[in-house]
1. N30's amide H: which non-local residues (gap 5+, or another chain) put their own amide H closer than 5 Å, with H modeled 1.01 Å from N in plane and none for Pro or chain starts?
2. Please give the direction-averaged projected area of the C-alpha convex hull for the range 93-193, in square nanometres with one decimal.
3. Take a quick pass over the range 93-193 and tell me how many lysine pairs come in under 15 angstrom between Cα atoms, counting only ones 8 or more apart or on separate chains.
4. Give a residue-ordered list of calculated ³J(HN,Hα) values for the range 228-237 (Karplus: 6.51 cos²θ - 1.76 cosθ + 1.60, θ = phi - 60°; whole Hz; x for Gly, Pro).
5. For the chain, with a Gaussian network of springs between Cα atoms less than 10 Å apart, report the residue from I208, I95, I69 with the top mean-square fluctuation.
6. Which three semi-axes in whole Å describe the equivalent ellipsoid of the range 163-277, each the square root of 5 times a Cα gyration tensor eigenvalue, listed largest first?
7. Across the range 176-185, in residue order, what do the Karplus-derived ³J(HN,Hα) couplings come to in whole Hz, using 6.51 cos²θ - 1.76 cosθ + 1.60 with θ = phi - 60° and x for Gly and Pro?
8. How big is the chain along each principal axis, measuring the range of its Cα positions in Å and listing the largest first?
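Nothing in this text is a laboratory measurement; each read-out follows from the coordinates by a stated rule. Small disclaimer: the values here were computed from a predicted structure and weren't measured. Reconstructed Cβ throughout: ideal geometry from the backbone, glycine too, with neighbour counts over all protein chains shown.
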Amino acid sequence: MTNSMVDYKNVKLVVADMDGTLLHSDYTLNPEFFDVYRQLKEINVKFMVASGRQYDSLLHIFESIKDEIYFIAENGGNVIYREKQLFAQKMEREIINEVVKTVRALPDTEMLLCGVKNAYVETAHPEFEKYVTPYYPKRKVVSDLLQTVDDQIVKIAIYNKTDSEKNILPYVEHLKDKCLLKVSGKNWLDISEKNSNKGLALRKVQEILHISKEETMVFGDYLNDLEMMEEGYFSYAMANAHPFLKENARFQTSSNDNDGVLKVLKEVIKQRGEKQY
């Protein structure tokens, strides 16, 4: 089904993942987004970001509209509106320590403890630092991740330089009854509290806004977007999405580098009688 054949008259909320979805592969956002956002606002369609990124990373990108949109950060672990935390899904220290001990033994693998205030790492390898900076601009190097920090840890982000599904997942799968394991990118696997995911976070915000699943449009590209897909009737997988996500989305759009999100949003605006493209 093409975009022009879909009836968008009921859309009241748009939710977009960032990396691999709204952002180009070079981590940039098409400047045209802000014009499209303005037009969505004029037709009373709200916009929300739902990402595995740290809140401060998202804030940097959306600084000009930070008081107008909702932020689901850390894959649902931290939800912010107007710079105030609505809720967080804190991990228990016992689980954190078990994960840290397991991951330390894996080759070519690094991890961060993702807190509400900062992300915490034990090492500061230049190559790893360069890679994680776009996602986690606020970081602290600590001597031992097993030591308690004055923060709410909402997620453990684990990076493997080759393949997260092959080189991380099999070694942490025994933890799946205690916590949530999510392959969130080719190189990333995230571990969080059992009920912490983008879908649950989105549902909580939908309740606040009194917006239903049938009035919600979501965009994603990877397995950490699965639960979110279930909370929006207009569920879109990117052309570059993981095959399993494509199977579970109702619709598809162009790749992130071809601005698939903006193409659909322009069609929404066009149907609602706004600016023609």
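1. Those lying under 5 Å, H to H, from N30 are H24.
2. Details: hull surface 23.1 nm².
About 5.8 nm², averaged over all directions.
3. 13
4. Working through the residues one at a time gives 5, 4, 6, 9, x, 4, 8, 9, 10, 9 Hz.
5. I208
6. Details: eigenvalues 173, 68, 17 Å².
Its equivalent ellipsoid spans semi-axes of 29, 18, 9 Å.
7. Once θ is set to phi - 60°, the couplings for the range 176-185 become 5, 7, 9, 8, 8, 10, 9, 6, 10, x Hz.
8. The Cα atoms of the chain stretch 57, 36, 34 Å along their principal axes.
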